Amino acid sequence: MRVLTDVAWSTDFLTAVRNAAQLAMKELGSGSSPLSEHTRRWLATRCDLSHPENYFLHSQSLAILGFPWWLEESLCGAADPDFQVDLMFSTINAYYFTRMLDDIMDGHAIERAAMPALYPFHMRFVRPYQKYFDYRSAFWKEFERILMITVEAVAGEASLNEITAEDFIRFSARKPAAAVIPMAAVCAHYDRLDVLAPWESVLTSFARWHQMRDDVMDWNSDMQAGQPTWFLTEAARRRNGGESVAAWMGREGFRWARTVMDERISETLKAASELKSQALILYLEQRNALFSQQIGNMIATANAFAGLLEMDQL
């Protein structure tokens, strides 16, 4: 598993992520607890339980732990590790809650005895914020606003049989909006909610790129599972009469996706340049470079396969 340690992540950041992930694992409880046993068994299908931090440091992740760190650095010059560990602990539990809920909604195999873990996951998601913000804090208004964006997006996408460009913007790409909550916490903690909007805008823009990237890389498994995506909707709309989805991907789809992705990352980088965070810029550039290599390889493979078919027909 490749981890972004060479460009995006500082040693202090990596230490904070490990501490938060290990704390989240510790709070799952011991194997002597029935709920802990079932929860750990479910979580083991998602990550290496001995190194749970790697799941959040993978080069294909959305960097949901990185954005609050970069935001605090931009405000203060350096991030407070103790504060960030609390935020990361919250975000990790929120992520586990979301993944388990996704599995349940998508009909994936999950032990019924593990499902009550949703309650403690949610409790641990909220608890760190109660440490920093009393009920009168403006943070809670932002918390509710942001969380409702996520839940409405998840509910909206779940009701669709196909996803148009408008649906993608309105629902699919807005599902990770809850990742803005720890950014709101940073802003509220330093009484700088005025800077939340531009940072939220950049994360929203990048989330569109990130979701599109997932849809492109996973198009075949999504198609086999009957999972609608904007990419597959475009394939159905754009392919020729008897042309298969796979044939359209090779002929046009991957190139079309690369054009869309290039436009999205350019918009994201332009907006990010206003945030005074070189670490964020470097991360976005590395993600873009990695995807460019991947999509380039996919296009080259499709071209080679098309050439072989032409030769076979001679």
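The values are calculated or read from the model by the stated rules, or taken from the named source; none is laboratory data. All figures in this text were calculated on a predicted structure; none of them were measured in a lab. Every residue, glycine among them, receives a Cβ derived from its backbone with ideal geometry; neighbour counts consider all protein chains shown.
Taking the condition under 18 Å from the mean Cα position of the chain (by Cα) and surrounded by 13 or more Cβ atoms within 10 Å (Cβ to Cβ), does residue 148 pass? No. Contact map, segment 35-53: first residue at negative phi and among the polar types (S, T, N, Q), second residue surrounded by fewer than 15 Cβ atoms within 10 Å (Cβ to Cβ) and at pLDDT below 95, Cβ cut-off under 7 Å, separation 6 or more or different chains; pairs are 36/30. Given the condition of a type in the set (Asp, Glu) and closer than 30 Å to residue 189 by Cα, answer yes or no: does some residue in segment 26-42 qualify? Yes, because at least one residue in segment 26-42 is of a type in the set (Asp, Glu) and closer than 30 Å to residue 189 by Cα.
Just one of the listed residues (304, 257, 247) is exposed (fewer than 12 other Cβ atoms within 10 Å of the Cβ) and not acidic (Asp, Glu), and it is 304.
Considering 250, 241, 226, the condition of being at positive phi and out of contact with any strand residue (DSSP E or B) (no Cβ under 6 Å at 6 or more places or on another chain) is satisfied by 226 alone. Remark: pairs (first residue in segment 150-176, at positive phi and β-branched (Val, Ile, Thr); second residue at pLDDT 95 or above and part of a helix (DSSP H, G or I); Cβ separation under 9 Å; 6+ apart in sequence or on different chains) are absent.
On the basis of being touching a Phe, Trp or Tyr at 6+ places or on another chain (Cβ under 6 Å) and of a type outside the set (D, E, K, R), does residue 266 make the cut? So residue 266 does not fit the description; no.
Considered as a group, the residues in segment 215-244 that are among the charged types (D, E, K, R) and under 26 Å from residue 61 (Cβ atoms) include one that is surrounded by the fewest Cβ atoms within 10 Å (Cβ to Cβ), and that residue is 218. Put simply, of 71, 23, 75 the only residue that is assigned to a helix (DSSP H, G or I), over 18 Å from the mean Cα position of the chain (by Cα), closer than 19 Å to residue 202 by Cβ and modelled with pLDDT of 95 or more is 75.
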